[in-house]
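Report on one structure; see the data block that follows.
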Amino acid sequence: QLEESGGGLVQAGGSLRLSCAASGRPFSFYNVGWFRQAPGKEREFLAAISPNSGRLEYADSVKGRFTISRDSAKNTVYLQMNSLKPEDTAVYYCKASSVRFGASIGDFGSWGQGTQVTVSS
């Protein structure tokens, strides 16, 4: 069970840090991905991180602005979002996979509640 948090309302150019916390068993051995879905749009892959943080992947739309990281001791994966734009407004989700990486992390399993990010202009 993963739970996203940290969303909110921020002005354009601002920053937010999202958290993806795992309850139950540790997910330190899992690849974790962040995704988002804006109203009326398809869910979009944003970033992924491997268990030892040695492999990272970003979507072009967020490269250079967003940073994914993880703290295994806290069983949490983060998404630091800087230079936010109004088009970043969406519900943000995380998901884990023991075998898939990148956008394919989102191919199987159910989605959590997500956390709403709203960027005002």
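Key figures
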{"item": "Accessible surface, the chain, averaged per residue in Å² (probe 1.4 Å)", "result": "53 Å²"}
{"item": "Percentage, to the nearest whole number, of Cα pairs in the chain over 24 Å apart", "result": "18 percent"}
{"item": "Candidate lysines for bridging to Lys41, where Cα separation is under 21 Å - those fewer than 8 sequence places away on the same chain excluded", "result": "Lys63, Lys85, Lys95"}
{"item": "Along the chain, longest interval not containing exposed chymotrypsin sites (Phe, Trp or Tyr not before Pro), exposed being DSSP loop plus at most 13 other Cβ atoms within 10 Å", "result": "30-107"}
{"item": "Fluctuation leader among Glu87, Glu42, Glu57 - the chain, Gaussian network, Cα springs under 10 angstrom", "result": "Glu42"}
{"item": "Residue (of Trp111, Phe101, Ser72) at the positive-pole extreme of the chain, dipole from beta-carbon charges", "result": "Ser72"}
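The values are calculated or read from the model by the stated rules, or taken from the named source; none is laboratory data. Keep in mind it's a predicted model, so treat the numbers as computed, not measured. All Cβ positions, even for glycine, are placed from backbone atoms using ideal geometry, and neighbour counts span all protein chains on display. Ligands, DNA and RNA are stripped out before the accessible areas are found, and what is left, the full protein with its side chains, is counted by its heavy atoms. Shrake-Rupley method; radii C 1.70, N 1.55, O 1.52, S 1.80 Å.
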